[in-house]
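Chemist: Sharing a structure below in structure tokens format, with a few things to ask.
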Amino acid sequence: MNDIRKKIDRNRDLFDDQEPSFGHMERFEALLKSKNEESLKNEKRVKRVRFISAISVAASIAILIAVVVRFSTPDNTGGNIPAPEVIGATDEFKTTNDYYNQKMEAKIADIMCKLAYTDTENQARLTKDIQRIIDGNNNFINEISKNEDKDMAIHFLVKHYRTNIHVLENIDQKLGKYTKC
């Protein structure tokens with residue numbers, strides 16, 4: 001068997017004297033055309049995926065800018081936290097609330113700065129968590145300010161703020177491992 005192959009290979013010009021069968025060129029050109037069409041379809045898919053990726057990045061940047069602006073502008077920072085004057089609290093309650101509110105806002109500002117350097121999934125999740133902390137804080141302040149025993153209200157206000165600040169410090173610390181602001 002090997003002997004026959006060697007003989008054919010040595011005398012290939014004797015065996016290659018016939019034209020390809022009728023229609024071979026048309027089939028070959030059709031095959032090339034279909035492969036070319038497939039590559040064009042793949043190029044269109046690649047362009048579409050790149051376009052969608054670019055739009056996704058742009059949307060993420062827009063969301064990030066909106067979040068940073070919301071939390072970094074003086075008018076909006078802590079704007080959701082009710083003013084103690086409105087809720088009828090004592091001077092000591094107001095002072096305590098203002099003090100811890102400033103500490104909490106500072107931690108949130110640090111976190112928002114570091115969020116700019118994380119991926120969009122973490123940005124969305126942490127922004128949602130921070131908003132939930134702010135909303136919970138607002139509800140707590142509204143409820144605790146209505147308490148008749150102001151000493152107990154201040155005690156639980158401080159405890160509540162310390163818990164929130166501790167949570168925010170943990171988030172800030174974990175983000176700080178990878179980014180610095």
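The numbers here are math on the coordinates, done by the rules we state, and not lab data. No experiment lies behind these values; they were computed from the predicted model shown. When we count neighbours, we look across all protein chains shown, and the Cβ atoms used for this are built from the backbone with ideal geometry, even at glycine.
Chemist: If you take every residue apart from G136 with its C-beta less than 11 Å away from the C-beta of G136, what net charge results, scoring Lys and Arg +1 and Asp and Glu -1?
Modeler: On the way: positive: R132; negative: D129, D135, E143.
Within the 11 Å Cβ shell, the charges total -2.
Chemist: May I pose another question? Could you tell me which of the pairs K7/K33; K103/K146; K103/K150; K107/K159; K94/K159 are separated by over 25 angstrom between their Cα atoms in the structure shown?
Modeler: Listed pairs above 25 Å: K7/K33.
Chemist: Determine the distance separating the Cα centre of segment 1-56 from the Cα centre of segment 139-177; give it in Å without decimals.
Modeler: Taking the Cα centre of segment 139-177 as reference, the centre of segment 1-56 is 71 Å away.
Chemist: If you don't mind, another one. Subtracting the Cα-Cα distance from 0.36 nm times the residue separation, let me have the gained length for R27 to R132 in nm, one decimal.
Modeler: Gain in length upon complete extension: 31.3 nm.
Chemist: Output ³J(HN,Hα) for segment 48-64: one whole-Hz value per residue in order, computed from phi by the Karplus curve 6.51 cos²θ - 1.76 cosθ + 1.60 with θ = phi - 60°, and x for Gly and Pro.
Modeler: Using θ = phi - 60°, the values come out as 5, 5, 5, 5, 5, 4, 5, 5, 4, 5, 4, 5, 5, 5, 4, 5, 4 Hz.
Chemist: Taking K and R as +1 and D and E as -1, what net charge do the other residues with C-beta under 14 Å from the C-beta of S39 add up to?
Modeler: Net charge in that neighbourhood comes out at +3.
Chemist: ³J(HN,Hα) across segment 128-137 via Karplus (A = 6.51, B = -1.76, C = 1.60, θ = phi - 60°), whole Hz, x for Gly/Pro?
Modeler: Calculated HN-Hα couplings, in order: 5, 5, 5, 5, 5, 5, 5, 4, x, 5 Hz.
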